Amino acid sequence: MSTYRTPLGGMLPTVVKNLLIINGLFFLARYSFGSDDLGRNLLDTHLGMYYIGSPHFRPWQVLTHMFMHGGFTHIFFNMFALWMFGAPIEHRLGSRRFLSYYMICGIGAAALHTAVNAYEVTRDEQTVMEQGVAPSEVKDAAAATTIVDAERMLNDIAATHDVSQTALEQLYFDYQGIIIGASGAVFGILLAFGMLFPNQEILMLFFPVPIKAKYFVAIYGIIELFMGIRQGQGDNVAHFAHVGGMIFGYFLLRHWKRKEPWL
């Protein structure tokens, strides 16, 4: 049975330690910025990741969204999981490979989320096109600098075309939506722990019965996939980003293990 235990007083490996520090600094930096008309933190709107077809999308957001968090609970659980599971994985893989794994899982998470999002946006674009509205008109409203200008432009579109306000607002918010957080990369870390230490028993606070890592990861992955498929209104969690982090992590580890079976 593969096992690894990190004492509370033990030294953290280099990459895990620096990721914890960087995420903490970005989280503190958020409080130096105000909010936009939609109530979103201004730093989030620059470093969070928009849909790739949004007028607000910028290439750097593919990386920077992984270091932004929306609140204390969000960052606490992500960083707790990184500390708890990341340290043994970094010791096993080495610092350089661990960093590559973490970043690729985060980017993979964003890729799957974007693919699912593209399907939803394309559907909403088709809806307004069937009602005589070009998606570019809604995209122009999304690019407006104030919510007042955006509402005026959407009202003008609705008055000019026979289109429902609901369809316009849905597409507008498709272009305005952002994802933030290290959860995709962290789910990749959870997957790696289950693959590298499959028989290590885990005791969770909300499930006070020891469970082997391989079963814990499998159950968690199935739950996230189910939640992503049935995602309802008001659920702001990017479940498919979590699944994406696990999928990319799985294939990357399989690739490395084929080359180096000792992993």
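The values are calculated or read from the model by the stated rules, or taken from the named source; none is laboratory data. Predicted model, so just to flag it, every value in this text is computed and none were measured. Using ideal geometry, Cβ is built from the backbone for each residue, glycine included, and neighbour counts are taken over all protein chains shown.
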**Asked** Looking at this structure, is Gly24 under 29 Å from Pro135 (Cβ atoms) and touching a residue at least 40 places away in the same chain (Cβ under 8 Å)?
**Response** no
**Prompt:** Looking at the stretch 226-243, which of its residues are at pLDDT below 80 and touching a Phe, Trp or Tyr at 6+ places or on another chain (Cβ under 8 Å)?
**Reply:** Gly228
**Complete:** Exactly one of Gly39, Gly34, Gly53 is surrounded by 13 or more Cβ atoms within 10 Å (Cβ to Cβ) and of a type in the set (Gly, Ala, Ser), and that residue is Gly53
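Condition check ((1) part of a strand (DSSP E or B); (2) at pLDDT 95 or above; (3) closer than 30 Å to Ala150 by Cβ) across all residues:
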{"site": "Ser2", "(1), (2), (3)": "no, no, no"}
{"site": "Gly9", "(1), (2), (3)": "no, no, no"}
{"site": "Val15", "(1), (2), (3)": "no, yes, no"}
{"site": "Ala29", "(1), (2), (3)": "no, no, yes"}
{"site": "Gly70", "(1), (2), (3)": "no, no, yes"}
{"site": "His74", "(1), (2), (3)": "no, no, yes"}
{"site": "Arg92", "(1), (2), (3)": "no, no, no"}
**Unique match (being touching a residue at least 24 places away in the same chain (Cβ under 8 Å), in contact with a Ser or Thr (Cβ under 7 Å, 6 or more places away or on another chain) and more than 20 Å from Ile179 (Cα to Cα)) among Ala87, Ala142** = Ala87
**Asked** For Gly245, which of the numbered conditions (1) touching a residue at least 24 places away in the same chain (Cβ under 8 Å); (2) not in a helix (DSSP H, G or I) fails to hold?
**Response** (2)
**Message:** Suppose we filter the stretch 123-148 for residues that are surrounded by fewer than 19 Cβ atoms within 10 Å (Cβ to Cβ) and of a type in the set (A, V, I, L, M); how many remain?
**Reply:** 6
**Among residues of the stretch 53-90, those that are under 14 Å from the mean Cα position of the chain (by Cα), among the aliphatic types (A, V, I, L, M) and closer than 15 Å to Gly245 by Cβ, counted** = 3
**Identity of the residue in the stretch 90-122, of a type in the set (Ser, Thr, Tyr) and under 23 Å from Gln170 (Cβ atoms), that ends up surrounded by the fewest Cβ atoms within 10 Å (Cβ to Cβ)** = Tyr119
**Prompt:** Scanning for something basic (Lys, Arg) and free of Cβ contacts under 8 Å to residues at least 60 places away in the same chain, does the stretch 94-102 turn up at least one residue?
**Reply:** yes
**Message:** Give me the residue from the stretch 151-193 that is polar (S, T, N, Q) and assigned to a helix (DSSP H, G or I) and, out of that set, nearest to the chain's Cα centre (by Cα).
**Reply:** Ser183
